[in-house]
Amino acid sequence: MNVQPQPIRTAAEQALLALLERRLAGPAVDGPLAGRIGELRRAAHAAFAANGLPHRRVEEWKYTDLRGFLREAAPAATALGISDGASAPSAVAFPGARRILFVDGQLSPAGSDLADLEPGLTVVPLAQAMAVGRGTVEKFGTLAPQRYDGVLALNTAFFGDGLVIQIADGAKIERPLHVAHLVTHDHPVATYTRRLVEVGEGAAFTLVESFEGRSGVPYQVNDALELFVGDTGHMDYVRLQDDSETALHLSTVMVDIGRDAKFHAFGLTTGAIASRVSLYGRFSGTHSHAGIRGVTLLKDRQHADVTLLLDHAVAHCESRELFKTVLFDETRGVFQGKIVVRPDAQKTDGRMMSQALLIGETAEMDNKPELEIFADDVQCGHGATAGALDEDLLFYLKARGLPAKEAEALLIQAFVGEALEFVEEEGLREALIARAERWLNARTG
Amino acid sequence: MALLEIKNLHAQIEDNQILRGLDLVVNPGEVHAIMGPNGSGKSTLSYVLAGKPDYEVTAGEALLDGQNLLEMDPDARAAAGLFLAFQYPIEIPGVATMTFLRTAINAQRKARGEAELSTPDFLRLVKEKAGDLGITQDMLRRGVNVGFSGGEKKRNEILQMTLLQPKLCILDETDSGLDIDALKVVSEGVNALRAPDRGMVVITHYQRLLNHIVPDVVHVMNKGRIVRSGGKELALELEASGYAGYSQDAA
């Protein structure tokens, strides 16, 4: 008798596999990329069938057991939810930014400002770009990590709508482009969105993204973003994850950084019952700089995971990471940061820091910074701290008349402010600082 | 009525008894100096009055304008008019001095049921008072005390005191770490606050400060109590003879 070893699958994994099989049998991508995308989808399906959802015994997911957080596989949203009525959620707008809106995983032409795009800026819906099959879209999937990433595999298998954004060589796009994601359904759905962004040689671009949705609904977001920063290019990426307090948020951000280029990323995380952002960064050209920073504010029973893998593949690059996490109540924060310095990446200068403030009695922070260095002439450092608010600082503020709550809020604002001040664009920086303040005042007030 | 009335105050930190039955009365308009050897409990007295949580009061009372200070939170004590100029003012990175000053003033006004200060009024007031103390606009924009020299930190304390207009000022070794020029600026700032309805307690190790801030009463503290009180000439006597006679004192 021929017995195949069958992995034990959770109900959600079985449901996801069934959905995957239906997806593979469904409509395929049109155009020149049909073969490759089909191949990627089948590979993703096979990898998921073999490995399933990442769980505690998978090193990169040790602190975030997705089998536990994803107990029911929500079907991919196909229709629009309920976007009118008094209880309908609405998407944030950032002053001065051009907004493109995705509702329930689909581009909303009515909510998007696609008129009079600046010269050098091209924004094309993903399906349309696939049908043409030339340019940036040809790079689809090329930044995927070597290791199995179950979340990215699901995105690759299921992805529906998305965008391809291209900045022509030398174009400096001053106005930030905001891609807003909103889930409006009143029952659990999953959204699988994907975007590719290519910043041309010497070009400059600021991309803002936001994720929000209907309160009380356990919807699931699985988003993937592939970024290519060309030689001497400059890209700022700012993201706000403010999904509803019942949502599951999973994001994969992949970036390739060319020569003499700058990439700055900043994330403010306040939403979702459980979230994970995996950021895969790679320097493929020398003398470039990456600054990756974030602030996470958690309350009640939220769980937020930021996992970073930065590959210094070439010499003379500089990277700076700073992550601040504030944990109230019974929350749990996770930071995993790994810097890999390849044998040829001499003169690498890398510094990574994660700091956590534990306010809640039973809050927990898991910090795992790692350096993997194969070159011998580099400067790399990492640090991690976790602690309570400084009693002496609190006393000083109280002795000047600040009530305890106000003193705490001021110190927490100062703590997160050290990371927020790195957001370069002033309007965005102020909007994010105001958001963080509102969150803290609501929590501590 | 006395502005500050301390009766039989006992306080300890962990199991270490520091104040052992201290009595002190400060009337409105008076400046009292408290001197004494290291470890006599001078700084502890200032922290206990301001409400630092590390200290436990085991007996006695302290009244400010008849209100029981020891039952109040530190912020309520500040709003009631008590101000402690810290011996070691701490740095608060990320909180701009301007923001801190405005937040403190308005928190106290709110606690007293007064309207908040308007932004133009606040800016005008800070500009005037900071200028008198040689505190630059750049320092006001920086984080509280971040990158300030020892003298600048002390001047920042006096600026806060000037803006908050407390009833009772406690200066804990404000002269420590000051050169003679800084000492003059700080003393002038303190003297400008002397008023018939305001009291001051000046804690110092050295007589030097008292040449600039001339006290009405001088107390000598030892082993957690006031062991001698007199006029300003007592400070000069201490300067000449030292504290040797007191540290032997087993009373």
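The values are calculated or read from the model by the stated rules, or taken from the named source; none is laboratory data. Small disclaimer: the values here were computed from a predicted structure and weren't measured. When we count neighbours, we look across all protein chains shown, and the Cβ atoms used for this are built from the backbone with ideal geometry, even at glycine. Areas reflect the complete protein model, heavy atoms only, side chains present, ligands, DNA and RNA absent. Shrake-Rupley method; radii C 1.70, N 1.55, O 1.52, S 1.80 Å.
Over chain A, all Cα pairs binned in 10 Å intervals from 0 give whole-percent P(r) values of 4, 21, 32, 28, 12, 3, 1, 0, 0, listed from short to long. Under the simplified labelling scheme, the A:ALA388-B:LYS110 pair shows an inter-label distance of 2.4 nm, with each label point 7 Å from Cα along Cα→Cβ.
Here the extension length gained between A:ARG22 and A:ALA88 equals 20.7 nm, from 0.36 nm per residue of separation less the Cα-Cα distance. Two decimals, Cα atoms only, Kirkwood Rh: what is Rg/Rh over chain B? Answer for chain B: 0.96.
Label sites at A:GLN146 and A:ALA115, each approximated as a point 7 angstrom past Cα along Cα to Cβ, lie 5.1 nm apart. Once the Cα atoms are used to define both axes, helix B:180-192 deviates from the longest principal axis of chain B by about 80 degrees. Carbon-plus-sulfur accessible fraction, the stretch A:296-424 (probe radius 1.4 Å, protein heavy atoms only): 45%. By definition, a body whose alpha carbon gyration tensor gives a ≥ b ≥ c is oblate when a/c is 1.5 or more and a/b is not larger than b/c, and the stretch A:83-241 fits this oblate description.
Taking R0 as 56 Å, what's the FRET efficiency between A:ASP186 and B:GLU91 from their Cβ-Cβ distance, rounded to 0.05?
Details: r = 50 Å, r/R0 = 0.90.
Step by step, r from the Cβ atoms, then E = 0.65.
For B:GLU30, what charge total do you get from the other residues with a beta carbon under 10 Å from its beta carbon, if Lys and Arg give +1 and Asp and Glu give -1? If you can, show how the numbers build up before the last one.
Details: positive: B:ARG194, B:ARG198; negative: B:ASP216.
Net local charge, B:GLU30 excluded: +1.
Calculate how many DSSP beta bridges within the stretch A:11-285 are antiparallel, expressed in % of all such bridges and rounded to the nearest 5. Bridges in the stretch A:11-285 are about 10 percent antiparallel. Backbone amide hydrogens, once placed in the peptide plane, bring A:VAL179 within less than 5 Å of A:ILE100, A:VAL208, A:GLU209, A:SER210, excluding anything fewer than 5 places away on its chain. Rounded to the nearest whole Hz, the Karplus-based 3J(HN,Hα) values (6.51 cos²θ - 1.76 cosθ + 1.60, θ = phi - 60°) of the stretch B:225-235 follow the sequence 9, 8, 9, 7, 9, x, x, 5, 5, 4, 5, with x at glycine and proline.
Working from the Cα coordinates of the stretch A:1-85, the gyration tensor eigenvalues give, after taking √(5λ), semi-axes of 26, 22, 14 Å in decreasing order. Note on B:ARG124/A:GLN379: beta-carbon distance plugged into 1/(1 + (r/R0)^6) with R0 of 51 Å gives a FRET efficiency of 0.55.
With the other protein chains left in place, how much accessible area per residue, in square angstrom, belongs to chain B at a 1.4 angstrom probe? Numbers along the way, then the final one.
On the way: 10790 Å² over 251 residues.
Heavy-atom SASA per residue in chain B reads 43 Å².
Taking a threshold of 30 Å on the Cα-Cα distance, which of the pairs B:LYS52/B:LYS154; B:LYS7/B:LYS129; B:LYS42/B:LYS127; B:LYS42/B:LYS232; A:LYS62/A:LYS262; B:LYS110/B:LYS232 fall above it? Display every interim value, and only then the final one.
Values: B:LYS52/B:LYS154 20 Å; B:LYS7/B:LYS129 36 Å; B:LYS42/B:LYS127 34 Å; B:LYS42/B:LYS232 18 Å; A:LYS62/A:LYS262 32 Å; B:LYS110/B:LYS232 39 Å.
Pairs exceeding 30 Å: B:LYS7/B:LYS129; B:LYS42/B:LYS127; A:LYS62/A:LYS262; B:LYS110/B:LYS232.
Taking other residues whose beta carbon is less than 10 angstrom from the beta carbon of A:ILE412, and scoring Lys, Arg as +1 and Asp, Glu as -1, yields 0. For the pair B and A, the buried accessible area comes to roughly 1900 Å² in total, with a 1.4 Å probe and the value rounded to the nearest 100. Is any residue of the stretch A:193-214 close enough, with backbone N under 19 Å, to a label point placed 7 angstrom from the Cα of A:HIS287 along the Cα-Cβ axis, and if so, which? Zone members listed by number: A:200-204. Whole-Hz Karplus values for the stretch A:416-428 come out as 6, x, 4, 8, 4, 5, 7, 5, 6, 6, 4, x, 5 Hz, taken residue by residue from phi with 6.51 cos²θ - 1.76 cosθ + 1.60 and θ = phi - 60°; glycine and proline positions read x.
Computed from point charges on the beta carbon alone (+1 for Lys and Arg, -1 for Asp and Glu), the dipole magnitude for the stretch A:390-444 about its Cα centre is near 380 Debye.
With the simple spin-label model, which puts each label point 7 Å out from Cα in the Cβ direction, the B:GLU71 to A:ALA434 separation comes to 4.4 nm. How many percent of all Cα-Cα pairs in the stretch A:390-444 sit more than 12 Å apart? Within the stretch A:390-444, distances greater than 12 Å cover 66 percent of Cα pairs. Normalising the Debye intensity of the stretch B:30-135 to I(0), with uniform scatterers on Cα atoms only, and taking log10 at q = 0.11, 0.24 Å⁻¹ returns -0.47, -1.40.
Taken about its Cα centre, chain A carries a charge dipole of about 920 debye when Lys and Arg each add +1 at the Cβ and Asp and Glu each add -1 at the Cβ. Scalar couplings 3J(HN,Hα) for the stretch B:38-55, obtained by applying the Karplus form with A = 6.51, B = -1.76, C = 1.60 to θ = phi - 60°, are 4, x, 7, x, 4, 5, 4, 4, 5, 5, 5, 5, 7, x, 5, x, 5, 9 Hz; x denotes Gly and Pro.
Among the listed pairs A:LYS299/A:LYS398; A:LYS324/A:LYS398; A:LYS338/A:LYS405, which have their C-alpha atoms separated by more than 26 angstrom in this model? Check vs 26 Å cut-off fails for A:LYS338/A:LYS405. A cut-off of 5 Å between modelled amide H atoms, ignoring neighbours fewer than 5 places along the same chain, links A:ASP236 with A:PHE205, A:THR206, A:LEU207, A:HIS264.
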